[in-house]
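Data block below; observations after.
The values are calculated or read from the model by the stated rules, or taken from the named source; none is laboratory data. These figures come from a predicted structure and were not determined experimentally. Cβ atoms come from the backbone with ideal geometry, glycine included; neighbour counts cover every protein chain shown. SASA here: full protein model, heavy atoms, side chains in, ligands and nucleic acids out. Shrake-Rupley method; radii C 1.70, N 1.55, O 1.52, S 1.80 Å.
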Amino acid sequence: MHVPSLFNSFFIGGFECSTHRRRDRRRLDLLAATEHDCRAGADYRQLVRHGIRTVRDGLRWHLIETVPGLYDWSSFLPMLRAARDAGVQPVWDLCHYGWPDDIDIWTPGFVDRFERFAATAARVIRDETEAAPFYCPVNEISYWAWAGGETGRFNPFGRRRGGELKRQLIRASIAAIESVRGVDRRARIVHAEPVINVIAPPDRPRDRGAAEGYRQAQFEAWDMLAGRCSPELGGRPEHLDIIGVNFYSDNQWFFGGGTVPLGHHLYRPFRDMLAETHRRYGCPLFVAETGAEGSARPAWLHYVADEVRAALAADIPVEGICLYPVLDYPGWENERPCEVGLLGVASGPDGRAVDGPLSAELARQQAILAGLLQGSRAFLSMAGATG
């Protein structure tokens, strides 16, 4: 059995930090919309009380670099220091769908500016904290290429340019990795991408090849970063450090059709998707995003945690599960209340409201995992003593 050791806690809290522009050109700022930007310290401390000591959080590049080459860290330093003071280990997203308005993302200038921004951010974090830092350079390259380059759902509003945008985001990510490591060799790099399963409907066996081709496309961004394909982009194996897999209930579907529901005989077990990803890359994994809405929250965590324990038992190095988002938030398109979090948007003198059923399931899963890991450590210790 694999014994996780990468993060300060196996269960991780993920703060929604998207900053993209919607189709109506309105810019989102989910850290502000959830008040996490001004309540970071209280939020971190509240998560610690739930046994969560590692978080995913983000920098807002569009606020930090409003003038080219001039950086204002006032939107970030309070969060950085709050994490340090609360004893929380952050994984920082450097670019979560948004960038400063004066940059044309399609040009080489985007890559150059992001490289300098990443290096400067790494210096700030290095000088403020002692622990080895964790970074996700560009969040969900595959999804961003589809939503922003292929279908025009959000910025940069491209259509049928998904491949072009993906390659540009790969260039930017590689430049950021190298600049961050140039500043701090301790830096750990996370690449978070959706894992999916696409299958042909049973009555359309002719679609099997196309469905499998679509499914295999989920690996393209990681392959590009590693230099397995499109080597002219500069990818190398050392660019892959930690693989983050994002998995939700709608990540499996019939080619050209609807979602494959959990419990369907064709639903692929999540443990198999984790095993395939690890066989392909050989890197440590973690579930970088997972969650459900409303009353489905505890049941979904139960399923994911059970599948991850099965992967751990098979010696797959899954290092954590990130509840994402860990706060309820207003929806991207219409600001509707999305009740997805362990904690609520509204705050009071005692902190944010807690979703009781999800909290209870989280505590149960933490206890189950702790028992398994304690037994595994005891076995390893005994085996070492007798070996």
Gain on full stretching of the segment that runs from ASP315 to ARG49 - 0.36 nm per residue minus C-alpha separation: 92.8 nm
At most 12 other Cβ within 10 Å, DSSP loop - trypsin sites (Lys or Arg not before Pro), region 185-273: ARG185, ARG186
Estimated 222 nm signal from helices in the chain, with DSSP H stretches of n ≥ 4 weighted -39500 (n - 2.57), rounded to 500: -12500 deg cm²/dmol
Ordering of 63-71, 77-85 by burial proxy (mean other Cβ atoms within 10 Å per residue, highest first): 77-85, 63-71
Residue-count net charge about GLY294 - beta-carbon cut-off 11 Å; Lys, Arg +1, Asp, Glu -1: -3
Length released on extending from THR129 to ARG208, taking residue separation times 0.36 nm less the Cα-Cα span: 23.4 nm
Cα gyration tensor shape of region 49-155, rounded if a/c is under 1.5, else prolate or oblate by comparing a/b with b/c: oblate
Separation of alpha-carbon centers, region 266-305 and region 78-121, rounded to whole Å: 27
Percent of beta bridges antiparallel (DSSP, the chain, rounded to nearest 5): 20
Probe 1.4 Å, accessible area per residue of the chain, Å²: 40
Rough spin-label spacing in nm, given labels placed 7 Å along Cα→Cβ, for TRP73 and VAL3: 3.7
The chain - percent of accessible surface contributed by carbon and sulfur, probe 1.4 Å: 52
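With the Cα gyration tensor of the chain giving a ≥ b ≥ c as the square roots of its eigenvalues, does the rule (a/c under 1.5 for rounded; else a/b larger than b/c for prolate; else oblate) give rounded, prolate or oblate?
Since a/c stays below 1.5, the shape of the chain is classed as rounded.
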